[in-house]
Amino acid sequence: QKEVEQNSGPLSVPEGAIASLNCTYSDRGSQSFFWYRQYSGKSPELIMSIYSNGDKEDGRFTAQLNKASQYVSLLIRDSQPSDSATYLCALLGYSGAGSYQLTFGKGTKLSVIP
Amino acid sequence: DGGITQSPKYLFRKEGQNVTLSCEQNLNHDAMYWYRQDPGQGLRLIYYSQIVNDFQKGDIAEGYSVSREKKESFPLTVTSAQKNPTAFYLCASSPSGNQPQHFGDGTRLSIL
């Protein structure tokens with residue numbers, strides 16, 4: 001059973017600060033990792049993908065992957081109130097017979113305080 | 001506009017009734033998925049299809065059925081056997097099974 005663990009929060013940060021969201025996973029065979037943002041009452045939106053160890057930056061977002069420690073994180077610099085949402089960590093793993101499945105964590109709720 | 005369209009946005013089911021949720025995509029994606037989300041929970045996979053006329057059960061397939069007769073369409077039927085159907089249902093698609101998934105706007109199903 002693949003497991004993805006996230007701190008449920010809520011994580012509160014002041015506007016302009018760095019928000020750090022963390023995720024650990026159990027399946028060492030996972031190759032692809034994703035962060036989705038989900039606003040209240042809405043569907044998830046893909047914001048970052050990371051496939052190899054190290055950092056990947058996209059604007060104010062940085063994803064970090066450490067496969068040896070089975071750890072992936074998302075940093076949001078200069079946090080804005082519009083970043084307030086639930087952030088879902090997901091990993092893509094091979095499930096056999098040519099099939100792949102995405103396993104989601106339960107999400108971390110982020111609140112950015114003006 | 002290219003995208004994934006789910007309908008209806010809200011749906012109410014009576015006891016003993018089957019209901020069907022629609023999911024259509026015009027992205028030319030091969031793979032399509034159905035997830036269920038309960039309050040405070042992550043997404044759980046119901047069914048997925050990586051090619052037309054083929055689909056596989058996910059983690060919580062009991063009480064649900066699907067079909068994939070066309071590449072663009074992957075409808076989900078919530079049968080009367082699903083005793084706790086109240087949830088937010090999300091359809092997703094990806095170009096192939098090992099690529100990122102993108103979601104439709106979802107359907108909220110409630111029991112009357």
How much of the pair distance distribution for chain B lies past 23 Å, counting alpha-carbon pairs only, in percent? 21
Calculate the length of the line joining the C-alpha centroid of the range B:23-87 to that of the range A:53-86, in whole Å. 29
Peptide A:95-107, shielding by other chains (average Cβ, 10 Å cutoff): 5
Test item: B:95-104 mean partner chain Cβ contacts at 10 Å: 5
Restricting to Cα pairs below 8 Å that are 6+ residues apart, what does the relative contact order work out to for the range B:6-112? Please round to a whole percent. 36
In nanometres, what is the gap between the two model label sites at A:SER82 and B:GLU15, each 7 Å from Cα along Cα-to-Cβ? 4.8
Assuming 0.36 nm per residue, please report the length gained on full extension of the stretch A:SER69 to A:SER26 beyond their Cα-Cα distance. 14.5 nm
At a 1.4 Å probe, what is the % contribution of carbon and sulfur to the accessible area of the protein assembly as shown? 46
Using the Karplus curve 6.51 cos²θ - 1.76 cosθ + 1.60 with θ = phi - 60°, what ³J(HN,Hα) values do you get for each residue of the range B:70-80, in whole Hz, with x for Gly and Pro? 10, 4, 7, 10, 8, x, 10, 9, 9, 8, 5
Using θ = phi - 60° and Karplus 6.51 cos²θ - 1.76 cosθ + 1.60, couplings along the range B:40-54 (whole Hz; Gly, Pro as x): x, 10, x, 7, 10, 7, 9, 8, 9, 9, 9, 7, 4, 6, 9
Once you put a point 7 Å from the Cα of B:SER22 and another 7 Å from the Cα of A:TYR39, both along the Cβ direction, what distance in nm separates them? 2.5
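Residues of B:50-63, mean number of Cβ from any other protein chain within 10 Å of their own Cβ, rounded to a whole number? Display every interim value, and only then the final one.
On the way: counts 4, 1, 0, 0, 0, 0, 5, 0, 2, 4, 0, 0, 0, 0.
Taking the mean over all residues of the peptide, I get 1.
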Estimate the FRET efficiency between B:ARG44 and A:SER52 by the formula 1/(1 + (r/R0)^6), using the beta-carbon distance for r and 22 Å for R0, to the nearest 0.05. 0.20
In nanometres, what is the gap between the two model label sites at A:SER8 and B:GLN56, each 7 Å from Cα along Cα-to-Cβ? 3.0
Yeah, chain A with a ≥ b ≥ c from its alpha-carbon gyration tensor (a/c under 1.5 is rounded, else prolate when a/b outruns b/c, oblate otherwise) is prolate
Mean separation of Cα contacts under 8 Å (6+ apart) over length of chain A, as relative contact order %: 37
Using alpha carbons only: equivalent-ellipsoid semi-axes of the protein assembly as shown, gyration tensor based, whole Å: 30, 21, 16
If you count the DSSP beta bridges with both ends in the range A:1-96, what percent of them are antiparallel, to the nearest 5? 100
From the backbone phi of the range A:61-68, what are the Karplus-calculated ³J(HN,Hα) couplings (6.51 cos²θ - 1.76 cosθ + 1.60, θ = phi - 60°) in whole Hz, Gly and Pro given as x? 9, 10, 9, 10, 10, 10, 5, 5
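By how many nm would the segment from B:SER7 to B:SER73 grow when fully extended, if each residue of separation counts as 0.36 nm and the alpha-carbon distance is taken off?
Details: separation 66, 0.36 × 66 = 23.76 nm, distance 1.18 nm.
Taking B:SER7 through B:SER73 to full extension adds about 22.6 nm, to one decimal.
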Under-5 Å amide H pairs with A:ILE47, H placed in peptide plane, nonlocal only: A:TRP35, A:TYR36, A:ARG37
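Would you mind calculating the relative contact order of the range B:51-107 from Cα pairs under 8 angstrom and at least 6 residues apart, reporting the percent as a whole number? Numbers along the way, then the final one.
Details: 64 pairs, mean separation 13.5, N = 57.
Value for the range B:51-107: 24 percent.
The values are calculated or read from the model by the stated rules, or taken from the named source; none is laboratory data. What you see is a predicted model, and the numbers here were worked out from it, not measured in a lab. When we count neighbours, we look across all protein chains shown, and the Cβ atoms used for this are built from the backbone with ideal geometry, even at glycine. These area figures cover heavy atoms from the full protein model, side chains too; ligands, DNA and RNA do not enter into them. Shrake-Rupley method; radii C 1.70, N 1.55, O 1.52, S 1.80 Å.
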